[in-house]
Amino acid sequence: MMILDGKDIGIKFDDRWLYQKVNFQLNQAHNLALIGDNGVGKTTLIRAMLGKIPLTTGEFKWYDDGQHKIAYVPQYRPDMQAFPLRIRDFVGLTFDQGLRPWLSKEEKKRLQYILAITNLTSIADQRIDRASGGERQRAYLAQALVQNPNVLILDEATANLDNVAKYGLMDVVSAYQKNYQLTTIMVSHDIDIMQRYADEYLLLTRHGSEYGNIEQLDVAKLREGGENFV
Amino acid sequence: MFSFPFMQHAFVAGTLIAIMSGLIGPFIVARRMSFLAHTLSEIGFAGASFALFMSWSPLVGMLLFSVVASMSVGELGMKEQRSESLISAVSAVAIGLGIAFLSLSNKNATAATGILFGSIFSINQTDVWEVVVLATLVILVTLMMFRPLRHFAFDYTTASFSLKNIQLIEVLFLGLMATTVAVSAQIVGSLLIFILMILPASSAMRWGRTVWQIIGLAIMFSVLGVWLALVLSYWLDLPVSFFIAIIEAGVYFISLIKRK
């Protein structure tokens, strides 16, 4: 089932087109890989999808009566600063709506459940600034999942992680996706991750875009054309 | 000691200001806006001098200048790369204006010292009421915005995706900060604004493991610091700001030594 139809999307910055005539669909419980060189405007497309910046041409048509809740997992950077909060409290930061300064019973239960499925329960009382890269990314994922989203954006969420941490993170996403019909958009440069977990792909280039099933992705072309691919 | 009205006023105002600063400080430190808080206090200095020149209450001038300035800085976009140079330029203009208004108002050096270093023992009943109203307002608004503010301050990256009205929260937060700066300047002076808003919060960050623990500790550090400083100042006849500065800096250095 399609939940988002991107039609004829074009974004222009200071008289320069980032891209034009981008067409793609987002299907429920599917995994869309968003691919392209650095600077081509992948994050810009995501921000536009969230309604943070306007489109120059085209439109995003949502097929879920405006009920979508989008959550976001950022990229891990080793130099990322964090405060010495407990992991439990760091994950709970995304309870950010409403007037009540403390967490309700249901929210505490939800938090406990998400900590469990992201394999964070045993370290929930340790400090986030001492956690490893993989643990930190799982905490970011937990932050996103706590909000009970139906669309999850992984913005190079597996970059800079070792293989164990990388697949550990993606396995949590896959398991959650199967249980809760979660739709995922993953921005990635990692061909192996994409081929293993994505269903469709959207390739953005300066000259246009390409959308299709992940099997049709011409990996050889990426390797020679894109300097930033692994 | 407590039989003197000036001492009662100082304790009531000082305690409220300490609670307010301790509550808002951790958000400022977490959002890395300490430098901006300091600039706001310099702008507040210009405002207070302007108020003297106009024969208003210094608090009114400070509030006016720092709130307007905080909103316009927000508009200029503090996320930009040039924000540090921008802030330096703004603070230079502010201090310059402050000196100009002071000189125009023909006030003596005592007035200037009061604005720059605080004058808690000279506040009257009306001043106390102003502090009570403003501090209560800041504390209530902060508690009402606690959830979005916590996410905004402690993890801005994900908050910018999760909070729909993040610009509004940013503007409200700057307003809260400006009000706190203006009110706190009444006791520690605009030059020493760091010691109540930033130092207790920075110390608390070394010990607290949840946002509430950090806020609780920050309030405790600032309230105890103010009380102790008032008593010491009463007995030893040295400025309150001096003792608050020494106490809060002392707590901070001890927190630094503590093994992480």
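The values are calculated or read from the model by the stated rules, or taken from the named source; none is laboratory data. The structure presented is a predicted model; accordingly, all values stated were derived computationally and were not measured. Please note: Cβ atoms are built from the backbone with ideal geometry, for glycine as well, and neighbour counts cover all protein chains shown. Accessible surface is based on the protein model in full, side chains and every heavy atom, while ligands, DNA and RNA are left aside. Shrake-Rupley method; radii C 1.70, N 1.55, O 1.52, S 1.80 Å.
Restricting attention to segment A:90-132, the residues being surrounded by 15 or more Cβ atoms within 10 Å (Cβ to Cβ) and free of Cβ contacts under 8 Å to residues at least 12 places away in the same chain number 4.
Limited to segment A:94-123, what total is found for residues that are more than 9 Å from chain B (Cβ to nearest Cβ) and either within 24 Å of the chain's Cα centre (by Cα) or among the hydrophobic types (A, V, I, L, M, F, W, C) (or both)? Explain how you work it out, then say what you get.
First, the residues of segment A:94-123 that are more than 9 Å from chain B (Cβ to nearest Cβ): A:103-123.
Remaining after also requiring either within 24 Å of the chain's Cα centre (by Cα) or among the hydrophobic types (A, V, I, L, M, F, W, C) (or both): A:103, A:107, A:110-121, A:123.
The qualifying residues number 15.
Return yes when residue B:157 is of a type in the set (Ser, Thr, Tyr) and away from chain A (no Cβ under 14 Å) and no when it is not. Before you say what the answer is, go through the steps one by one.
On the way: of a type in the set (Ser, Thr, Tyr): yes; away from chain A (no Cβ under 14 Å): no.
So residue B:157 does not fit the description; no.
Being within 14 Å of chain B (Cβ to nearest Cβ), in a strand (DSSP E or B) and surrounded by 14 or more Cβ atoms within 10 Å (Cβ to Cβ) narrows it down to one residue among A:72, A:76, A:19; which is it? First the steps, then the outcome.
Values: A:76 fails: in a strand (DSSP E or B); A:19 fails: within 14 Å of chain B (Cβ to nearest Cβ).
Unique residue meeting the criteria: A:72.
Yes or no, residue by residue, for (1) open to solvent by 40 Å² or more (accessible area, probe 1.4 Å); (2) farther than 19 Å from residue B:71 by Cβ; (3) of a type in the set (A, V, I, L, M):
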position: B:132; (1), (2), (3): no, yes, yes
position: B:137; (1), (2), (3): yes, no, yes
position: B:147; (1), (2), (3): no, yes, no
position: B:150; (1), (2), (3): no, yes, no
position: B:182; (1), (2), (3): no, no, yes
position: B:198; (1), (2), (3): no, yes, yes
position: B:203; (1), (2), (3): no, yes, no
position: B:217; (1), (2), (3): yes, yes, yes
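The residues of segment B:101-153 that are more than 14 Å from chain A (Cβ to nearest Cβ), aliphatic (A, V, I, L, M) and not in a helix (DSSP H, G or I) amount to a single one, B:123. Would segment B:251-260 turn up any residue that is modelled with pLDDT of 90 or more, part of a helix (DSSP H, G or I) and within 24 Å of residue B:120 (Cα to Cα)? Looking for residues that are modelled with pLDDT of 90 or more, part of a helix (DSSP H, G or I) and within 24 Å of residue B:120 (Cα to Cα), one finds at least one in segment B:251-260, hence yes. Of all residues in segment B:238-260, those that are surrounded by 12 or more Cβ atoms within 10 Å (Cβ to Cβ) have Cβ atoms under 6 Å from Cβ atoms of residues that are in a loop (DSSP other than H, G, I, E, B) and at pLDDT below 90, 6 or more apart or on another chain, in B:241/B:118; B:241/B:189.
Could you list all residues from segment B:189-209 that are of a type in the set (A, V, I, L, M, F, W, C) and either within 12 Å of chain A (Cβ to nearest Cβ) or in a helix (DSSP H, G or I) (or both)? I'd like the intermediate steps shown before the answer.
Of all residues in segment B:189-209, those of a type in the set (A, V, I, L, M, F, W, C) come to B:191-199, B:201, B:204-205, B:207.
If the condition is that a residue be of a type in the set (A, V, I, L, M, F, W, C) and either within 12 Å of chain A (Cβ to nearest Cβ) or in a helix (DSSP H, G or I) (or both), then B:191, B:192, B:194, B:195, B:196, B:197, B:199, B:201, B:204, B:205, B:207 are the ones that fit.
Filtering segment A:177-200 for residues that are in a strand (DSSP E or B), away from chain B (no Cβ under 14 Å), in contact with a helix residue (DSSP H, G or I) (Cβ under 8 Å, 6 or more places away or on another chain) and not β-branched (Val, Ile, Thr) leaves a non-empty set.
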